[in-house]
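Comments concern the structure below.
The values are calculated or read from the model by the stated rules, or taken from the named source; none is laboratory data. This one's a predicted model, so the numbers in the text were calculated from it and none came from an experiment. For neighbour counting, all protein chains shown are included, and Cβ atoms are generated from backbone atoms with ideal geometry for every residue, glycine included. For accessibility, only protein heavy atoms count, side chains too; no ligands or nucleic acids. Shrake-Rupley method; radii C 1.70, N 1.55, O 1.52, S 1.80 Å.
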Amino acid sequence: MSRCAQITRQLAEPMPGTAPSSARWLCLEWPGAWPADIKQVDDPAARRLLERASDAGFRPLLVRGDRRRVLLTDASPPGATTTIVEQWHDLDLPGPGQALPGEPLTGPLLLVCAHEQRDPCCGIDGRALLDALAGPDVVACSHLGGHRFAPTAMVLPTGYVYGHLDAVAASTVLARAAVGEVETDRCRGRCTWSPGGQVAELAVRAATGLSAPDDLVLIDDRGDTVHFNSTAGGRWAVDIETVEVTATRPASCGARPTLVAPLRAAAVRTLRGSRC
């Protein structure tokens, strides 16, 4: 029986626009087992922290580690940041626009979803990718969303999310992130934008070759039009629409495939650019 990630590969489902939308993330190092719902970890203080994270506008994750540190990320451009907090008990989480506490993380970090309690694809494909990479800048994390694109991963601090990664592709993502560039191959989008904004950003990058994370900044996302500023000296407008893909996918992994509503994917309708 095929798993959902295998079926999605066969269907060639479009990945742009499928990244989770959250500019701020809280990653708690956790050495023990990960429950399917991470907010049910077997520690009352940790559960309270994960609940407070959601209330404060942070999307919570567990990451593999035995020091129980916290990584806080604000992926908003310009100047995405990840900090490390050594002691998370009674951590005062900052509000929108406030600086993150802790020491800044130097260099990018790749979080690979290996949350087998949520989905077999993440456990099998994510673990295989982690075993192939095995480095200090690659860490297992809990569910990122989109397990049908396993192995799926997110780069911190910029928040670019990828799917169907292999060791070569993941190494390229990290290498380009280390020199301040965005790898667009297999990119699902940047988590700071809405699904439409994610599609639009990748379309502009494909048209222009702009590669730095802060080259493009979303300044408006209303209706069908998504406008971008280019810090390199241009302005782009991208019209997008939602289209139906004729193929269907399994409703869940690990069960006999059940056809559900047609897949929906954002498609670029027009792409216009001008120099400022």
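Evaluated against (1) at pLDDT 95 or above; (2) out of contact with any helix residue (DSSP H, G or I) (no Cβ under 8 Å at 6 or more places or on another chain), residue 194 falls short on exactly one condition, (1). Quick one: in segment 119-145, which of the residues that are surrounded by fewer than 21 Cβ atoms within 10 Å (Cβ to Cβ) and not aliphatic (A, V, I, L, M) is farthest from residue 83 (Cα to Cα)? The selected residue is 120. Using the structure shown, decide if residue 177 is open to solvent by 10 Å² or more (accessible area, probe 1.4 Å) and in a helix (DSSP H, G or I). Judged against the criteria, residue 177 is a match.
Across segment 92-104, what is the number of residues that are open to solvent by 50 Å² or more (accessible area, probe 1.4 Å) and either more than 15 Å from residue 156 (Cα to Cα) or among the aromatic types (Phe, Trp, Tyr) (or both)?
Filtering segment 92-104 down to residues open to solvent by 50 Å² or more (accessible area, probe 1.4 Å) leaves 92, 96-99, 103-104.
Among the residues that remain, those that are also either more than 15 Å from residue 156 (Cα to Cα) or among the aromatic types (Phe, Trp, Tyr) (or both) are: 92, 96-99.
The qualifying residues number 5.
For segment 1-91, please list each of the strands (runs of 3 or more DSSP E) lying entirely inside it that holds at least 2 residues being touching a Cys at 6+ places or on another chain (Cβ under 9 Å) and either among the aliphatic types (A, V, I, L, M) or exposed (fewer than 15 other Cβ atoms within 10 Å of the Cβ) (or both). Break it down stepwise before answering.
Details: elements: 24-30, 59-64, 70-74, 81-85.
Ranges flagged: 59-64, 70-74.
Suppose the filter is outside any loop (DSSP other than H, G, I, E, B) and either open to solvent by less than 10 Å² (accessible area, probe 1.4 Å) or closer than 16 Å to residue 198 by Cα (or both); does residue 168 pass it? Criteria not met by residue 168.
Only residues that are assigned to a helix (DSSP H, G or I), among the small types (Gly, Ala, Ser) and touching a residue at least 40 places away in the same chain (Cβ under 8 Å): list them for segment 184-198, please. Correct list: 196 only.
Within segment 63-74, residues that are closer than 7 Å to residue 29 by Cβ and in contact (Cβ under 8 Å) with a residue 40 or more places away in the chain reach partners that are assigned to a loop (DSSP other than H, G, I, E, B) and open to solvent by 20 Å² or more (accessible area, probe 1.4 Å) with beta carbons closer than 6 Å, at six or more positions or on different chains, in the pairs 69/86. Take the residues in segment 71-126 that are among the polar types (S, T, N, Q) and within 22 Å of residue 231 (Cβ to Cβ), then tell me which one is modelled with the lowest pLDDT. The extreme case among them is 76.
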